[in-house]
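Colleague: Before anything else, here's the structure in question.
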Amino acid sequence: MSLIVKDVSKDFVSKHKRTSTLENFNLEIKKGDFVCILGPSGCGKSTLLNILAGLEKATKGVVILNGNEITGPGPDRTVMFQEAALFPWLKVIDNVEFGMKMAGVAKEVRYEKALHYLKMVHLSKFQNSYVYELSGGMKQRVALARALSLDCEILLMDEPFAALDSQTKMMLQQELQRIWVNTKKTIVFITHNAEEAVYLANRVVVMAANPGRIKQEFIIELARPRQMESCDIAYYTSKIMKALKEEVEKVAKAEYDGDWNIEENSVLYPTNIDMGGDI
């Protein structure tokens with residue numbers, strides 16, 4: 001399996017101006033890679049994922065999967081978004097089966113596969129529950145089971161844990177790491193969180209902004225299972241945050257008033273403000 005992003009650019013045109021979101025973006029992803037892409041808000045991360053999914057078209061450049069140009073959605077890719085997007089009138093097992101049902105998979109086969117992946121995310125005992133009976137984290141686990149059940153070559157994930165509380169997020173990060181170790185599924189994962197990227201990925205791509213392009217790539221050579229509190233995670237996170245700092249400052253300069261600066265700890269503050277030194 002090979003996914004090649006070659007010279008991809010994406011422009012958005014409004015009545016008054018043209019905005020370049022991505023410019024000459026190049027990336028190659030191989031079978032079994034877990035690639036996290038992060039960068040400041042507005043750098044084109046989600047736009048890139050939508051292009052990989054075939055939900056948007058690049059202004060120029062191509063995306064090639066296994067020698068074929070991606071021109072739209074396909075059965076070789078599945079997408080998991082921040083919202084679980086489950087059907088509230090269906091039971092959990094039926095939600096997981098839904099994509100397979102649309103693909104024409106026989107009832108007995110899709111039930112066994114759905115149950116297998118619900119067991120993988122530790123939700124088999126909730127198979128006959130309805131969505132409204134589930135917590136936010138449980139809904140995302142159902143969405144993950146549904147995505148995995150389609151057995152696509154590539155799983156595209158757009159900040160799937162961003163809206164969850166910290167404890168639930170940590171549990172799902174552990175779950176996803178375990179699933180990747182067991183399946184070696186090719187994953188492209190969008191995040192704002194450098195620590196999350198280091199914990200999950202074997203490759204971390206940091207994007208520059210305005211327009212979006214690759215600033216730097218980090219190879220995360222850490223054994224698994226990884227521990228979020230480890231010194232190694234902190235080391236790589238620190239390196240990535242240094243690469244991100246300049247891009248965050250660039251975006252903030254375009255959005256904030258001109259009298260602020262950025263400190264080493266990434267706290268934005270006006271340069272002339274008294275921070276309360278006489279406490």
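Please treat every number below as a calculation from the coordinates, not as lab data. Since this is a predicted model, take the numbers as computed values, not measurements. Cβ atoms come from the backbone with ideal geometry, glycine included; neighbour counts cover every protein chain shown.
Colleague: Given springs between every Cα pair under 10 Å in a Gaussian network model of the chain, which of GLU196, GLU246, GLU153 has the largest fluctuation?
Modeller: Top of the fluctuation ranking is GLU246.
Colleague: Compute the distance in nm between two label points, each set 7 Å from the Cα along the Cα-to-Cβ direction, one at ILE214 and one at THR71.
Modeller: In this crude label model, ILE214 to THR71 measures out at 2.7 nm.
Colleague: On each of the three principal axes of the Cα atoms of the stretch 1-129, give max minus min coordinate, whole Å, ordered largest first.
Modeller: Rounded to whole Å, the extents work out to 51, 34, 26 Å.
Colleague: Please list 3J(HN,Hα) in residue order for the stretch 51-64, calculated via the Karplus relation 6.51 cos²θ - 1.76 cosθ + 1.60 where θ = phi - 60°; whole Hz, with x for glycine and proline.
Modeller: Result, rounded to whole Hz: 5, 4, 6, x, 7, 10, 9, 5, 5, 8, x, 9, 10, 10.
Colleague: May I pose another question? Under a straight-distance cross-link criterion of Cα-Cα below 19 Å, which aspartates and glutamates are reachable from LYS17, leaving out those fewer than 8 residues away in the same chain?
Modeller: Filter leaves GLU255.
Colleague: So if R0 is 41 Å, what FRET efficiency would ALA103 and LYS15 give, r being the distance between their Cβ atoms, rounded to the nearest 0.05?
Modeller: Numbers: r = 41 Å, r/R0 = 1.00.
With a Förster radius of 41 Å, E is 0.50.
Colleague: Further question on the same structure: Using the count of nearby Cβ atoms within 10 Å as a rough guide to exposure, how do SER129, SER135 rank from fewest to most?
Modeller: Working: SER129 15, SER135 11.
If I rank by nearby Cβ atoms, fewest first, I get SER135, SER129.
Colleague: Then there's this: Return the aspartates and glutamates within reach of LYS185: Cα separation strictly under 17 angstrom, same-chain partners fewer than 8 residues apart disregarded; answer none if there are no such residues.
Modeller: Qualifying aspartates and glutamates at Cα under 17 Å: GLU28, ASP33, ASP76, ASP151, GLU153, ASP158, GLU175.
Colleague: Mind telling me which of PRO73, PRO160, PRO225 comes out most flexible in a GNM of the chain, alpha-carbon contacts under 10 Å?
Modeller: Looking only at PRO73, PRO160, PRO225, the largest GNM fluctuation is found for PRO225.
Colleague: While we're here: From the backbone phi of the stretch 133-147, what are the Karplus-calculated ³J(HN,Hα) couplings (6.51 cos²θ - 1.76 cosθ + 1.60, θ = phi - 60°) in whole Hz, Gly and Pro given as x?
Modeller: Result, rounded to whole Hz: 8, 9, 6, x, x, 5, 4, 5, 5, 5, 4, 5, 4, 4, 5.
Colleague: Fewest first, what order do PHE25, PHE126 take by the number of other Cβ atoms within 10 Å? The partial results should precede the final answer.
Modeller: Values: PHE25 25, PHE126 17.
Listed from fewest to most nearby Cβ atoms, that is PHE126, PHE25.
Colleague: Next up: Sum up the charges of everything whose Cβ sits under 11 Å from the Cβ of THR191, counting Lys and Arg as +1 and Asp and Glu as -1, but leave THR191 out. Spell out each step's value before the answer.
Modeller: Working: positive: LYS45, LYS169; negative: ASP158, GLU159, GLU195, GLU196.
So the surrounding residues net to -2.
Colleague: Further question: Looking at this model, which pairs from LYS10/LYS242; LYS91/LYS139; LYS91/LYS113 are more than 18 angstrom apart at the alpha-carbon?
Modeller: On the way: LYS10/LYS242 27 Å; LYS91/LYS139 12 Å; LYS91/LYS113 15 Å.
Distance filter (> 18 Å) returns LYS10/LYS242.
Colleague: I need the phi-derived Karplus couplings for the stretch 229-243: 6.51 cos²θ - 1.76 cosθ + 1.60, θ = phi - 60°, integer Hz, Gly and Pro marked x.
Modeller: Result, ordered by residue: 8, 6, 5, 5, 4, 4, 4, 5, 4, 4, 4, 5, 4, 5, 5 Hz.
Colleague: Now, a different point. Using modelled amide H (1.01 Å from N, peptide plane; none on Pro or chain starts), what sits under 5 Å from the amide H of PHE25, excluding residues fewer than 5 places away?
Modeller: The list, which skips near neighbours in sequence, is ASP7, VAL8, SER9.
Colleague: Turning to a different aspect of this structure: Binning at 5 Å from 0, report for the stretch 1-51 what percent of all alpha-carbon pair distances ends up in each bin.
Modeller: So the P(r) values, bin by bin, are 5, 16, 25, 25, 15, 7, 4, 2, 1.
Colleague: Still on this model: Quick check on the exposure proxy: order MET171, MET1 from fewest to most C-beta atoms within 10 angstrom. Mind showing how you got there, number by number?
Modeller: Working: MET171 16, MET1 13.
In order of increasing Cβ crowding within 10 Å: MET1, MET171.
Colleague: What pairs from LYS30/LYS101; LYS184/LYS239; LYS45/LYS215; LYS31/LYS60 go past 20 Å between their alpha carbons? It would help to have the intermediate numbers written out before the result.
Modeller: Numbers: LYS30/LYS101 29 Å; LYS184/LYS239 26 Å; LYS45/LYS215 13 Å; LYS31/LYS60 25 Å.
Violating the 20 Å limit, Cα to Cα: LYS30/LYS101; LYS184/LYS239; LYS31/LYS60.
Colleague: Still on this structure, I have one more. Bins of 10 Å, beginning at zero and ending with the bin holding the largest distance: percent of Cα pairs per bin for the stretch 78-123, please.
Modeller: Result, from short to long distances: 26, 57, 17, 0 percent.
Colleague: First measure r as the distance between the Cβ atoms of LYS245 and ALA223, then evaluate 1/(1 + (r/R0)^6) with R0 = 22 Å and state the FRET efficiency to the nearest 0.05. Could the numbers behind the result be given before it?
Modeller: Numbers: r = 28 Å, r/R0 = 1.28.
It comes out at approximately 0.20.
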